[in-house]
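Undergrad: Before anything else, here's the structure in question.
We did not get these values from a lab; they are worked out from the coordinates using the rules stated. These numbers were taken from a predicted model, which means no experiment stands behind them. Quick reminder, even Gly has a Cβ in these numbers, built from the backbone with ideal geometry, and neighbours come from all protein chains shown.
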Amino acid sequence: MKKIVVFGGGTGLSCVLSGLKLFPLDVTTVIAVSDNGSSTGVLKEELNIPAVGDIGKVLLSMANVDSDFVNLMGYRFSKEGSLHNHPVRNIMLAALIDTKGSLAEATKYMAKLLQVKGTVLPLTEEKVDLVGEGDNGSFIGEECVSEHIKDIKRLYYDHDVRICEEVKDKILEADLIIFSPGSLYTSILPHLLSKEVVETLKVAKAPLMYISNLVTQPGETDGYNVGDHVDVLNHYLKDRKIDIVIANNGIVDEHIRQRYLDTEGKTVVSLEGIKDATVIADNIFSIDDGRIRHDALKTAYLVFSYMMNNG
């Protein structure tokens, strides 16, 4: 069975993984743990633990249990009080860190409960924060970094982190390595702030694939085309470059484009600017309640087809 390693975080990653789990692939997902927003940020500070939010989302997207249990794990407390805005999955993971002794073991146990097909790994066991350095000082924490990307010249962690040993092993064993759609600077690049990851990718035999975002992210990637996203990844990859890009070439209706621009300040990412990578372009989006999403099955099928034709 072909082995894939996927780096990412957030909704875009969860969508892609929900499609990949339908194919005969051995998928390992590596999740950055530097988030500091919402429920995740509160638990991170109060309990002095790594960020658990993205790991919880990914585990649910790959779950193979009945929908009632998935809905329960995704339930977010709405009443005012100490549990306000905390999803059950985050509380479960925080409790498992205490009882199992580490985030990696907590993740493995949760994956067993949810009958996850594949492997989910935190990038590191350490509590860590993103730091963006600019001419006018430093911006600490993922939320603050995201708001000030245009003012940042260097992105790094608040301390040197040791990545989980299994992450390096999985990279070296992989037949394909994917950088998923998601927040470019705060979900994807955090993996490449680790020297260990960059050095391991340098010697990995697997080609590197990027699944492009469908729309820009205000404050982070305003005006970016697909090539701009790839250029940023290549800069942080250093000696390696993105080999394959899966990107959308479907036409998004004008009224949906305009709504995104007017209400969220987002534009559809254009299929332009790619210099050296092999491009797999297709209509890879679907419309869900007026919102553009990656079509999970179609996107995963393109990944699977590439592997079958280039194995």
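Undergrad: Assuming R0 = 45 Å, can you tell me the calculated FRET efficiency for the pair residue 281 and residue 205, based on Cβ-Cβ distance, to the nearest 0.05?
TA: Efficiency computed from Cβ-Cβ geometry: 0.95.
Undergrad: Pop out the ³J(HN,Hα) list for segment 24-40 in order, Karplus 6.51 cos²θ - 1.76 cosθ + 1.60 with θ = phi - 60°, rounded to Hz; leave Gly and Pro as x.
TA: Values per residue, Gly and Pro as x: x, 10, 9, 9, 10, 10, 10, 10, 5, 10, 9, 4, 9, x, 6, 4, 4 Hz.
Undergrad: Is segment 37-118 best put as rounded, prolate or oblate by its Cα gyration tensor, with a ≥ b ≥ c the root eigenvalues, rounded for a/c under 1.5, and otherwise prolate when a/b is larger than b/c, oblate when not?
TA: Note, shape of segment 37-118 comes out oblate.
Undergrad: Compute the longest continuous run of the chain that contains no exposed GluC sites (Glu not before Pro); treat a site as exposed when its DSSP state is not H, G, I, E or B and it has at most 11 other Cβ atoms within 10 Å.
TA: Looking at the chain, 81-271 is the longest stretch - no exposed GluC sites (Glu not before Pro) with at most 11 other Cβ atoms within 10 Å.
Undergrad: Over the chain, what is the relative contact order in percent, taking alpha-carbon pairs closer than 8 angstrom and at least six residues apart?
TA: Computed over the chain, the figure is 20 percent.
Undergrad: Decide, for segment 152-228, between rounded, prolate and oblate: order the square roots of the alpha carbon gyration tensor eigenvalues as a ≥ b ≥ c, take rounded if a/c falls under 1.5, and otherwise choose prolate if a/b is larger than b/c, else oblate.
TA: Cα axes put segment 152-228 in the oblate bin.
Undergrad: For segment 79-139, what does the alpha-carbon gyration tensor say about shape, rounded, prolate or oblate, given a ≥ b ≥ c as the root eigenvalues, a/c under 1.5 as rounded, and a/b over b/c as prolate?
TA: It is oblate, given that a/c is not under 1.5 and a/b is not larger than b/c.
Undergrad: Turning to a different aspect of this structure: Whose amide H sits under 5 Å from the amide H of residue 2, counting only residues 5 or more places off or on another chain, with H placed in the peptide plane?
TA: Under 5 Å from the amide H of residue 2: 26.
Undergrad: Between residue 46 and residue 243, what's the calculated FRET efficiency when r is the beta-carbon distance and R0 is 41 Å? Round to 0.05.
TA: So, using R0 = 41 Å, E works out to roughly 0.45.
Undergrad: Once phi is turned into ³J(HN,Hα) by the Karplus curve 6.51 cos²θ - 1.76 cosθ + 1.60 with θ = phi - 60°, what whole-Hz value does each residue of segment 13-18 show in order, with x for glycine and proline?
TA: Ordered by residue, 3J(HN,Hα) equals 5, 4, 5, 4, 5, 5 Hz.
Undergrad: Right, next: I need the calculated FRET efficiency for the pair residue 297 and residue 166, taking r as the beta carbon distance and R₀ as 25 Å, to the nearest 0.05.
TA: 0.30
Undergrad: Which value in deg cm²/dmol, rounded to the nearest 500, describes the helix-derived mean residue ellipticity at 222 nm for the chain, given -39,500 (n - 2.57) per DSSP H run of n ≥ 4 and division by the residue count?
TA: The helix contribution divided over the chain gives -11500 deg cm²/dmol.
Undergrad: Then there's this: What are the ³J(HN,Hα) couplings of segment 201-206, residue after residue, when phi is run through the Karplus curve with 6.51, -1.76, 1.60 and θ = phi - 60°? Round to Hz, x for glycine and proline.
TA: 4, 4, 9, 5, 7, 6
Undergrad: Would you calculate the separation in nanometres between label points at residue 95 and residue 305, each defined as 7 Å from the Cα along the Cα-to-beta-carbon direction?
TA: Rounded to a tenth, the inter-label distance reads 4.5 nm.
Undergrad: Here is a further query. At 0.36 nm per residue, minus the direct Cα-Cα distance, what do residue 262 and residue 112 gain on full extension? Give it in nm, one decimal, please.
TA: Taking 0.36 nm per residue and subtracting the Cα distance, the gain is 49.7 nm.
Undergrad: Okay, next question. Given labels modelled 7 Å from the Cα in the Cβ direction, how far is it in nm from residue 289 to residue 133?
TA: The modelled label-to-label distance comes out at 4.2 nm.
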